[in-house]
Amino acid sequence: MTNEQKFFLELIKSHLNNAVPPAPNNINYSELFKVCEIQNMTAIAAVELKKLSDDVRPSKEDFSPFNQVLGLTLQSYEYKENGIKLVEKTLNELMIKHTFIKGAALRPLFPVPELRTSGDTDVIVDSDRLEEISTHLKNEGFEEIHSTDIEVDMRYLGEEYEIKTVYDSINDKTKAYFANPFNENLTDANGCNYTLKPLCHLIYLTCHILKHFKSGGAGVRQFADIDVIIRNADIDLSEYLSTCKSLGIEKSANIILSVTKKYLGTPIDTEYRIDEETAATLENVIMNGGVFGYGIGNIGTTRLMRTMNKSGDNTGFASVKAVFGLFAVDKDYLYSRYKYARKHHILLPVAYFSRLFDAVFKRGKRNAKHIKSMFTDRKIASQLSELLNELDIK
């Protein structure tokens, strides 16, 4: 871990623990800025740097990019909150059960809620009326980006909103656990507004981190979510681990808690020792990969990792299989991407050739980059595959 990465973690840890960060020691602030940006936590770092005494605080020139991102983050927060209010208003008017998760729900638990960034806002709805929801939101000024049978993605003032009917899951057991999103065992209700119970939200965050690892990587922000819910909610961690055991993710949960405690000083007793090689891979993925893992790879790397994990083969043949997998997609994927195929299954072959055309002509340069990664990123893909095995993710 670089000096700047270590100091970044100290800044985030100080923020979550309401403490003054330690004095910086030989920090390259342009490198620190890159670390903060890949984790999408620059605004928090900026606020913590302001706490430093005058004699060790970065110069105005060094601090300027941090301050700019801080301003943009505060602006983004205002836009998000305006969008959330409109989404909530629309769902209440339509009498549709809903619950906000992740950032929108956890933001108030952070020391400065405005600084908890997010790529999008997630809300679960209990309805097959996604088209109706989309129509009403369009009347409020939203733009529809993408839709499937289980999700519609909207944009408002540059901020994105994922409105979906199912929770993320990592295996069949977690899928069954969250199968009824508004079950009284999972949520507390206030009219149409539902809130995930803290224990259930922690389990969901665990699944979400594992899903990110399966897709290429998870960053410090996801672990900060784990930290704030443990600090602020009354959660019996022994019950959490027992539930995770019944869901087949106990080993993963222990590792996540240990990483959160190590990096962020989360007040928990859990200790889970992992071998040095796995610890080094985790550190590389979390610190260098960033929020979605793209700091160490791309979609090609992820596809190669999945091929290795599924086949147990990390040779060059796995790269060849991954390339074929880039173009060989199942019908469910095509149904989700092409509405006409979803409504008229006889048009499925047309959807396949449309995707093939898009892959070659519309996304040719990008896919060429991904294919190259399938042959050049075998080492990191192999490490990621081994990490999934360590986390018991299939």
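Computed extension gain for Lys211 through Glu283, at 0.36 nm per residue and net of the alpha carbon distance, reaches 24.2 nm. A simple spin-label model places pseudo-atoms 7 Å from Cα toward Cβ; at Asn3 and Asp332 they are separated by 5.0 nm. If the chain linking Leu94 and Asn185 were pulled fully straight, counting 0.36 nm for each residue of separation and taking away their Cα-Cα distance, it would gain 30.3 nm.
The listed peptides 139-147, 30-38, ordered by packing as a protection proxy, come out as 30-38, 139-147 (highest mean of other Cβ atoms within 10 Å first).
Working note: Cα atoms of the stretch 141-208, range along each principal axis, descending, whole Å: 35, 30, 20.
Relative to the Cα centre, what is the charge dipole magnitude of the stretch 156-296, using +1 at the beta carbon of each Lys and Arg, -1 at the beta carbon of each Asp and Glu, and rounding to the nearest 20 debye? Around 200 debye, computed over the stretch 156-296.
Shape summary: the stretch 73-163 maps onto an equivalent ellipsoid whose semi-axes, from the alpha-carbon gyration tensor, are 22, 14, 11 Å in decreasing order.
Could you list, in their original order, any pairs among Lys102/Lys214; Lys34/Lys60; Lys102/Lys164; Lys6/Lys50; Lys214/Lys245; Lys89/Lys343 whose Cα atoms are separated by more than 22 Å? Please report the intermediate quantities before stating the final value.
Numbers: Lys102/Lys214 18 Å; Lys34/Lys60 17 Å; Lys102/Lys164 13 Å; Lys6/Lys50 18 Å; Lys214/Lys245 19 Å; Lys89/Lys343 30 Å.
Where the Cα-Cα span goes over 22 Å, the pairs concerned are Lys89/Lys343.
Pull out a ≥ b ≥ c, the square roots of the eigenvalues of the alpha-carbon gyration tensor of the stretch 115-156, then state rounded if a/c is under 1.5, prolate if not and a/b is larger than b/c, and oblate in the remaining case. Here the stretch 115-156 falls in the oblate category. Per residue, the solvent-accessible area of the stretch 109-263 (1.4 Å probe, heavy atoms of protein chains only, all protein chains present) comes to 40 Å².
Evaluate the charge dipole of the stretch 124-202 about its Cα centre and quote only its size in Debye, nearest 20, assuming +1 on the Cβ of each Lys and Arg and -1 on the Cβ of each Asp and Glu. Each step should come with its number before you reach the end.
Numbers: 7 positive and 17 negative charges, 68 e Å.
Computed about the Cα centre, the dipole is about 320 debye.
Toward the positive end of the charge dipole of the stretch 1-91, with +1 on the Cβ of Lys and Arg and -1 on the Cβ of Asp and Glu, the farthest Cα among Leu9, Tyr79, Val56 is that of Tyr79.
The values are calculated or read from the model by the stated rules, or taken from the named source; none is laboratory data. Small disclaimer: the values here were computed from a predicted structure and weren't measured. Please note: Cβ atoms are built from the backbone with ideal geometry, for glycine as well, and neighbour counts cover all protein chains shown. The area values use the complete protein model at the heavy-atom level, side chains included, leaving out ligands, DNA and RNA. Shrake-Rupley method; radii C 1.70, N 1.55, O 1.52, S 1.80 Å.
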